[in-house]
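Encoded as structure tokens, the structure appears first; notes follow it.
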Amino acid sequence: MKIVCLIKFIPDVEDFKYDHERNVLIREKMNQILNPEDAVAVAFALNVKKYYPSTTIELVSMGPQSIIPKLEELLRLDLDQATLITDLAFVGSDTYATSRIIAHYLNKHKVDLILTGTHTLDGDTSHVPAQIAQWLGLPHLSNVNSIHMNSIDLGRLELSVDHDQEIMSFAVSTPAVLSLQKEAPYKLPYVRFEDLNKDVSERLKMLSLKDFDLKREDVGFEGSKTKVIKTFAQTLKKQTKIEVTTDEAGIQTVYDYLKDKGFLK
Amino acid sequence: MKKILIYCDTKPEDLSLVGAVELMVDEEVSLTAIGYKEHCPSGNSVYDEILLIDDQKIMAYDTMNLCDLITEVHQKNNYDIILFPSTQLGRILAPRVAIALHVGLVADVTDLHLNHGIIEMIRPAYSGKLLAHIEALGTGPLMMSVRPGVFQPKAVQLKSTNIRELHGYQPKPSQIILLQTRLKPSTEDIRDSKILISGGGGVLEHFDHLEELATLLNAQVSASRRVVDSGLVSRRIQVGQSGKTVSPKLYIALGISGSVQHIEGLKNVETIIAVNTNKNAPICSLATLVVEGDAVDFIDKLSTKIKKIV
Ligand SMILES: Cc1cc2nc3c(=O)[nH]c(=O)nc-3n(C[C@H](O)[C@H](O)[C@H](O)COP(=O)(O)OP(=O)(O)OC[C@H]3O[C@@H](n4cnc5c(N)ncnc54)[C@H](O)[C@@H]3O)c2cc1C
Ligand SMILES: Nc1ncnc2c1ncn2[C@@H]1O[C@H](COP(=O)(O)O)[C@@H](O)[C@H]1O
């Protein structure tokens, strides 16, 4: 069984600070973290490998070279390979171009299972997995919250999907794209102490535009189907408002307000 | 005249996507709805035409076949705009259709502007401190997803709707089989609540205090993503861009700063009461009543007062 995990490193949102007085983003010291749901997907793949040691796991990520140390950290777990798709030409790719590039790579390999997160914390479009599934002609499910380990060898996976008020169980034939959700009960293990500084560079492969049969105009800004025209900070419509504090008079005001509007009987 | 295709995946009476059309088209429109029977109006409606998908032939969640079907319908009719609701299914179906038609897709549009004939789709970006205006490139159709409840049409005009079942379509054998559906134990939905008591980063570990006030006001409890991310509560009760869009009559925001993404989840809320140690937090400019101070202190004092008087 060959599993590919699609992973993305994102700016740590908790690091984002906004200066409301000056209306600017404070970007200093922004740390890159593995998108939490992608970590859940990698953790699940590692579980499969524990059950079925013949499993191979490859991480695939499209992003800047600055994430190499992060990929190497992951490779010190029991993972077989990491592929970093990286080229300045790819900068500016929207989800159409991104999914096209990644799908081009995956198309050349025999893969049984492609695991992703349901969405990323920064972009939050959840487009990429479904788009890759369409490029490759594979079935896809998202919000997967568990996969039954026993079903894995059968060419047909049984899994549950968290559908708002319901839990739905499905059987899916492989190969397939499955997007895990954060609530799924899989956690990344720690790297073994003796492996902390292990050299894993041999298992890290880097690919750039020339490794793809794609043209310059198929990728990046040119290859995208959407374009950001401008960004701006939201201006909030000011309400005429009452301001109080939590002292006795303030609480009384709130109480009277609730009563007056019929929120309190 | 602009031809619009709308995928229906919510209640038949939900007209959010029709509301979106109003904002981006200033000429006559022909509206076609496509979806399963349970999600489409059953008689005359705002749509000119309704195309019903046969659930015996294609199961919801078989997005490969749904995508093929929608692509085929589009190729026959050449729509100018195709809209999807950002429901769980819409979120995995829309991207497939966008690839099949080789067009761009913008997710979770929260506002729309028609600017000299160009449709600008607006959504939060860069950790949501900013809003991005996005334009689609290429020849179309224009595709986007919109969260239910974000837009409401101003004028609703009933038409004599032509309802048709989609026949003559042969789906491929499905690669996904539904085995079982189970209801989750708790089925309360924050979208149904008239009053929401909502907590954020300012109440984190004291989140359980909110329940007391919620019970007294016959309300439900909701949260910002800050609290959800810290693992204290389930994502089911998250308000905002990656949570739910809510329209309660009263929203009490306790220790919530009011980031763009959070505010995107508040539509047509009549009254906001904001309790915050910082009265300049963005949420306070949206509030009718601002209480400066500690949120837990506020809950305790207000609860005591209500209990004393009741
Ligand atoms: C793609 C994306 C999607 C997102 N989607 C969502 C979403 O759906 N919903 C959402 O909520 N967020 C979302 N976010 C996160 C959002 O940007 C903010 O990080 C989040 O809303 C902050 O939550 P908060 O205001 O509760 O917490 P904080 O930013 O920590 O603010 C805490 C507030 O509480 C006040 N406070 C502190 N102590 C007290 C006290 N003792 N008493 C009273 N007040 C106090 C502070 O003054 C401050 O205003 C998203 C982010 C991204 C990048
Ligand atoms: N640049 C990328 N490289 C690898 N995987 C990605 C990339 N972008 C998105 N993904 C995968 O797609 C999932 C959903 O991302 P998104 O569509 O950006 O919300 C992520 O959880 C990843 O598994």
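The figures follow:
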read-out	value
The lone exception for B:Thr215 - which of (1) among the polar types (S, T, N, Q); (2) outside the structural domain of B:Thr110 (by TED's automatic domain parsing); (3) within 16 Å of ligand 1 (Cβ to nearest atom) it fails	(3)
Qualifying residues in the range B:161-182 (those that are assigned to a loop (DSSP other than H, G, I, E, B) and open to solvent by less than 100 Å² (accessible area, probe 1.4 Å)) - the one nearest to B:Ala60 (Cα to Cα)	B:Ser174
Count of the range B:76-110 residues which are without any contact (Cβ under 8 Å) to a residue 24 or more places away in the chain and either touching a helix residue (DSSP H, G or I) at 6+ places or on another chain (Cβ under 9 Å) or assigned to a loop (DSSP other than H, G, I, E, B) (or both)	2
Residues that are under 14 Å from A:Thr174 (Cβ atoms) and open to solvent by less than 10 Å² (accessible area, probe 1.4 Å), drawn from the range A:126-146	A:Ala133, A:Pro139, A:His140, A:Leu141, A:Val144
Only listed residue being open to solvent by 30 Å² or more (accessible area, probe 1.4 Å) and over 30 Å from B:Leu179 (Cβ atoms), chosen from A:Asp218, A:Asp199, A:Asp195	A:Asp199
Members of the range A:150-167 found to be open to solvent by less than 30 Å² (accessible area, probe 1.4 Å) and either within 16 Å of ligand 1 (Cβ to nearest atom) or at pLDDT below 90 (or both), listed by number	A:Ser151, A:Ile152
Helices (runs of 4 or more DSSP H) contained entirely in the range B:235-310, each with at least 2 residues that are open to solvent by 40 Å² or more (accessible area, probe 1.4 Å) and either within 16 Å of ligand 2 (Cβ to nearest atom) or in contact (Cβ under 8 Å) with a residue 60 or more places away in the chain (or both)	B:295-309
Filter pass, A:Tyr18 being at pLDDT below 95 and surrounded by fewer than 17 Cβ atoms within 10 Å (Cβ to Cβ)	no
Given (1) closer than 18 Å to A:Ala176 by Cβ; (2) surrounded by fewer than 21 Cβ atoms within 10 Å (Cβ to Cβ); (3) out of contact with any Leu (no Cβ under 8 Å at 6 or more places or on another chain), index of the condition A:Ser99 fails	(2)
Filtered residues of the range B:61-84 (kept if within 27 Å of A:Ala171 (Cβ to Cβ) and either surrounded by 19 or more Cβ atoms within 10 Å (Cβ to Cβ) or within 8 Å of chain A (Cβ to nearest Cβ) (or both))	B:Tyr61, B:Asp62, B:Thr63, B:Met64, B:Asn65, B:Leu66, B:Cys67, B:Asp68, B:Leu69, B:Ile70, B:Phe84
Among the residues listed as B:Ile82, B:Ile99, the single one being of a type outside the set (S, T, N, Q), at pLDDT 95 or above, closer than 17 Å to A:Gln134 by Cβ and away from ligand 2 (no atom under 16 Å from the Cβ)	B:Ile82
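The values are calculated or read from the model by the stated rules, or taken from the named source; none is laboratory data. Everything numeric here is computed off the predicted structure, so don't read it as measured data. Every residue, glycine among them, receives a Cβ derived from its backbone with ideal geometry; neighbour counts consider all protein chains shown. We work out accessible area using only protein heavy atoms, side chains counted, and drop any ligands, DNA or RNA first. Shrake-Rupley method; radii C 1.70, N 1.55, O 1.52, S 1.80 Å.
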